[in-house]
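Everything below concerns the one structure shown next.
The values are calculated or read from the model by the stated rules, or taken from the named source; none is laboratory data. Note that the coordinates shown come from a computational prediction; the quantities given were computed from them, not determined experimentally. As a convention, Cβ positions derive from the backbone with ideal geometry for all residues, glycine included, and neighbour counts pool all protein chains shown. For the accessible areas, the whole protein counts, side chains as well, though only heavy atoms, and no ligand, DNA or RNA atoms are used. Shrake-Rupley method; radii C 1.70, N 1.55, O 1.52, S 1.80 Å.
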Amino acid sequence: MSADVIVVGGGVMGAATTWVLARRGHRVTLLERFEPGHARGSSHGTARIFRLGYEEADYLRLAHRALPGWRELEAISGATLLELTGTLDHGPADAVAPLMAAFAAAGVEHRVLDRDEAQARWPGVRFDEAVVHHSEAGRLYAQRTVDVLHQAARRLGAQLRFETPVAALRTEDLAVEVATARGEVLRAGTAVVTVGAWAAKLLDGVVALPRLRVTAEQPLMFRARERAPASFLPLIHRGSHVMYSFGVPGEGVKVAEHYRDEWLDPDDRPFDADPVAQDRVSAYIRSWLPALDPDPVSATRCLYTITPDRDFILDRHGRIVVGAGFSGHGFKFAPLIGELLADLAEGAEQTNPRFRFGADTRRADAGLV
Ligand SMILES: Cc1cc2nc3c(=O)[nH]c(=O)nc-3n(C[C@H](O)[C@H](O)[C@H](O)COP(=O)(O)OP(=O)(O)OC[C@H]3O[C@@H](n4cnc5c(N)ncnc54)[C@H](O)[C@@H]3O)c2cc1C
């Protein structure tokens, strides 16, 4: 056996799982197909949003449970990973009301503001009908987190191998075989597969996954006219077409659409900016974010892997554990996902039906349809 556990995929989910397994004393090997810090998946770039702003109690609870994990990572690394700036959600009243109800039901400290009050408080932003602020939310440093997790796992004895693409997995009675594209075969008691947008390809014929949609999202960076970027706290504009924005110190204000309408092959996806989408976002800024210069200073592409119901897949099939389908909202949960996938690797069962493999039955099983 090369290891107790082999983790395939070194993005934030694989890195967090490797760190947790090493911390629990397991011999762990992480295999990542690209170089450290690559920008071809879903975990690169400077920043992400941490928020409790979920209508669904399961996710609100998960986000809350993830908070201590961020502080622990900061304590062991000495790095700032999560800045709690507070977050604003706004939109048509019927789009924001379920969130206010979820906050009230979960006892999340929040404040409902009227439009004028919000505009006076945060000048240069045009607010929609309903506005709610919650304080246990803010900015996460993405690439810095992945680097911290890799370093922490290595310090605990984990083997990290980059530029080592895995070609196939095969389960035996007492082990799982992991074959690399270079023909090397490694064996371990369990494999954890966290390969993001490549999950459907690598796990084809191994586990039955729901249909996963891959998109190449396009966050854009804009210059703030008067205020410092850091003063732009995360802003989620809810409604039929969700938009989000937040300040990234030293870079500008990131503004993006959520869920592009496309189905991509992760090995044949665009890296260049989409000018039509860019114009749409610039038009949005002219209407809703007058504090920003509507001409973008930079654009990045980053992959979403979207399940039919946007619920995560956190499940085990024999000796193969899968963490996939994070549907554009997984980063904030990473330290906790690492714990949950490590539990599964140690033999635990997934008890929440909504996170199981079972395709479209998951919501039905969970009594959600
Ligand atoms: C534009 C954008 C904005 C986002 N904003 C937020 C936000 O504000 N808040 C939030 O919580 N979440 C956000 N997310 C979502 C979050 O970033 C993702 O859920 C998270 O990064 C997923 O991590 P991952 O480890 O599953 O995927 P990845 O980071 O893609 O990691 C998978 C890794 O597997 C590797 N791999 C693939 N195939 C193989 C193979 N055969 N062998 C070996 N390695 C392989 C890949 O190279 C990759 O490094 C956003 C995502 C995007 C794209």
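Points to keep in mind about this one:
- Hits in the range 33-73 (condition: assigned to a helix (DSSP H, G or I) and open to solvent by 30 Å² or more (accessible area, probe 1.4 Å)): A57, D58, R61, H64, R65, P68, R71, E72
- A200 aliphatic (A, V, I, L, M) and within 30 Å of G247 (Cα to Cα): no
- Residue within the range 327-337 that is of a type outside the set (A, V, I, L, M) and farther than 24 Å from R139 by Cβ present: no
- Apart from one condition, P290 fits all of (1) in the same structural domain as V125 (by TED's automatic domain parsing); (2) without any contact (Cβ under 8 Å) to a residue 40 or more places away in the chain; (3) open to solvent by 50 Å² or more (accessible area, probe 1.4 Å); the exception is (2).
Here's the yes/no breakdown for (1) open to solvent by 70 Å² or more (accessible area, probe 1.4 Å); (2) touching a residue at least 12 places away in the same chain (Cβ under 8 Å); (3) under 24 Å from the mean Cα position of the chain (by Cα):
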{"site": "I76", "(1), (2), (3)": "yes, yes, yes"}
{"site": "L82", "(1), (2), (3)": "no, yes, yes"}
{"site": "T87", "(1), (2), (3)": "no, yes, yes"}
{"site": "D94", "(1), (2), (3)": "yes, no, no"}
{"site": "L99", "(1), (2), (3)": "no, yes, yes"}
{"site": "A102", "(1), (2), (3)": "no, yes, yes"}
{"site": "G107", "(1), (2), (3)": "no, no, no"}
{"site": "H110", "(1), (2), (3)": "no, yes, yes"}
{"site": "D114", "(1), (2), (3)": "yes, yes, no"}
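- Among the residues making up the range 90-118, those that are out of contact with any strand residue (DSSP E or B) (no Cβ under 9 Å at 6 or more places or on another chain) and farther than 16 Å from H64 by Cα are P98, A101, D116.
- Condition broken by V281, with the remaining ones in (1) open to solvent by 30 Å² or more (accessible area, probe 1.4 Å); (2) modelled with pLDDT of 95 or more; (3) under 22 Å from F127 (Cα atoms) satisfied: (1)
- Of all positions in the range 123-136, at least one carries a residue that is surrounded by fewer than 15 Cβ atoms within 10 Å (Cβ to Cβ) and at pLDDT below 95.
- Of all residues in the range 160-174, exactly one satisfies the criterion of being surrounded by 15 or more Cβ atoms within 10 Å (Cβ to Cβ) and modelled with pLDDT under 95, namely T171.
- Yes/no for L186 being within 14 Å of the ligand (Cβ to nearest atom), surrounded by 18 or more Cβ atoms within 10 Å (Cβ to Cβ), touching a residue at least 24 places away in the same chain (Cβ under 8 Å) and assigned by TED's automatic domain parsing to the domain that holds D267: no
- F246 being farther than 19 Å from C302 by Cβ, modelled with pLDDT of 95 or more and either within 13 Å of the ligand (Cβ to nearest atom) or not aliphatic (A, V, I, L, M) (or both): no
- Considering V28, V8, the condition of being assigned by TED's automatic domain parsing to the domain that holds G183 and either in contact with a Pro (Cβ under 7 Å, 6 or more places away or on another chain) or within 11 Å of the ligand (Cβ to nearest atom) (or both) is satisfied by V8 alone.
- For the range 169-180, residues that are touching a residue at least 24 places away in the same chain (Cβ under 8 Å) and within 12 Å of the ligand (Cβ to nearest atom) total 3.
- Residues satisfying the stated conditions in the range 250-263, i.e. more than 12 Å from the ligand (Cβ to nearest atom) and at pLDDT 95 or above: E251, G252, V253
- Count - residues of the range 181-208 that are in a loop (DSSP other than H, G, I, E, B) and farther than 16 Å from L303 by Cβ: 10
- Scanning the range 150-168 for residues that are more than 12 Å from I6 (Cβ to Cβ), more than 14 Å from the ligand (Cβ to nearest atom) and not charged (D, E, K, R) turns up Q151, A152, L156, G157.
- Any hit, the range 150-159, residues being over 30 Å from L233 (Cβ atoms), open to solvent by 20 Å² or more (accessible area, probe 1.4 Å) and either part of a loop (DSSP other than H, G, I, E, B) or outside the structural domain of A39 (by TED's automatic domain parsing) (or both): yes
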